[in-house]
Each structure stands twice: as C-alpha cells, then as structure tokens.
Amino acid sequence: MEIESGNQGEDLQGSVERKVAHNVRRAEIERGVVPLSQRVPFVCECRSADCLHALFMTVGEYDACHQRESWAVVRPGHCVSAEDHILLHRNRYWVVEHDGTHPSSRVSAEATA
C-alpha cells in the first residue's frame, strides 16, 4: 500500500476538493444519459495533487460512495494517509474517509499524541 506523508496542507485539500467537484459534475452529466449498469471514468480522489488515475464506476456506485462529505473514492492501495480510514474495499476502488473524523482515526491519533 502506498502511504502519503503526513503533510496535510491546503494544496492537498484543495486538490481533493477539485477532484471531487469534477467527479460530481461528471456524475450529474452522466446521470440519465448512460445505462445504470455502464461504468464511466471518475478521477481518483486521493490526496496526491498529481494523481489523475481513472476509476471506472457506475454513477450509482459513485453516488453511494459519497453519502458523506468526507468520503472519497481512491484506487485500491493508493495514497492513503495515516489520517484516512478505509471504509470499503472493492476490486476496482476503495472508499476512504479523508478528514480523520472516523472514531478509529481519532483513537489512533490520540494514542500517538
């Protein structure tokens, strides 16, 4: 698994926000245009500003992976930081919680403080 350094600067957060905004726009365009079972490319929402890897998902899968604002879809094993909590493993993508609000993330952060 690729682990990103602990640098959580605004550039990284801005990168994630831009990727998510792009993917949301893509989902809005694709919704109702492509068959429900058709997979379309979405950009990996990892913390790396340079990552543009495609994740092939249906719009329904993408929507389900974003039930919370802090959830993101990433390529399996890709750029998961120590503050991220992996919520779901799929062969094609993982769902992670980026902001460290998951209870197990808080416990591990408190234990190291």
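No lab work stands behind these numbers, since they all come straight from the coordinates. What you see is a predicted model, and the numbers here were worked out from it, not measured in a lab. FYI the Cβ positions are ideal-geometry reconstructions off the backbone, even for glycines, and counts take in every protein chain you see.
Results, tabulated for the structure shown:
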item	result
A82-S37 pseudo-label distance in nm [points 7 Å out on the Cα-to-Cβ vector]	4.6 nm
Inter-label distance, nm, simple model (7 Å from Cα along the C-beta direction), R90/E69	2.4 nm
Ranking of C44, C51 by count of other Cβ atoms within 10 Å, fewest first	C51, C44
